[in-house]
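Sharing a structure below in structure tokens format, with a few things to ask.
Each reported figure results from applying straightforward, stated rules to the coordinates on display, with no laboratory input. These numbers were taken from a predicted model, which means no experiment stands behind them. All Cβ positions, glycine included, derive from the backbone under ideal geometry; neighbour counts span all protein chains shown.
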Amino acid sequence: MSGRGSASAGERPDGPECDAGVMVLTDAAPTSLPRTLARWVLGTTLVGAGASHLTFARDDFRAQVPSWFPVDDDTVVLVSGLVEIGLGAALLAWGRGRVTVGFVVAAFFVAIFPGNIAQYVEGNDAFGLDTDQKRLIRLFFQPVLVAWALWATAAWRDRPRRR
């Protein structure tokens, strides 16, 4: 059974809505094994990347903070590292909240894209991106990360829809 009003008292509804028609983003049904594995890989990658913000790769991440950004580079790197650890942990541990987490992770990847653009425009070397060509190619991978977050969590597929 699916759709509005299909769940009886005490039952979870099928899909991203409940009896009252209120959209539920924190109680998604499980996804397929490939999506789950992709979510775990992305979560693990984010935790690792976040940890590297706080430790051995801080200088490289500072190179991605736009020169025009009004906050100290080190503060941006530390905060973004903590956010990445939190997002990665959420991807790993909160399967039922995967739709919400997927949209938040995708939005995070969009939000940090100006840093990648700044690295290209300002010609900052970091992470082995030491030529304009390498920095330009890197820009095309950010949409892949957005798509990965949305696909691995099935966020776009299972997003709430108004009827």
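Would you mind ranking Ser80, Ser52, Ser67 so that the residue whose beta carbon has the fewest other beta carbons within 10 Å leads the list?
Ascending number of Cβ neighbours within 10 Å: Ser67, Ser52, Ser80.
Can you work out ³J(HN,Hα) from phi for every residue in segment 40-47, in order, using Karplus 6.51 cos²θ - 1.76 cosθ + 1.60 and θ = phi - 60°, giving whole Hz and x for Gly and Pro?
Using θ = phi - 60°, the values come out as 5, 5, 5, x, 4, 5, 5, 4 Hz.
Ranked from highest to lowest mean number of other Cβ atoms within 10 Å per residue, what is the order of the peptides 137-149, 88-100?
Details: 137-149: 15.1, 88-100: 18.8.
Most protected by this proxy first, the peptides run 88-100, 137-149.
Considering only Leu129, Leu150, Phe140, whose Cα is most displaced toward the positive end of the charge dipole of segment 115-163, charges sitting on Cβ of Lys, Arg (+1) and Asp, Glu (-1)?
Leu150
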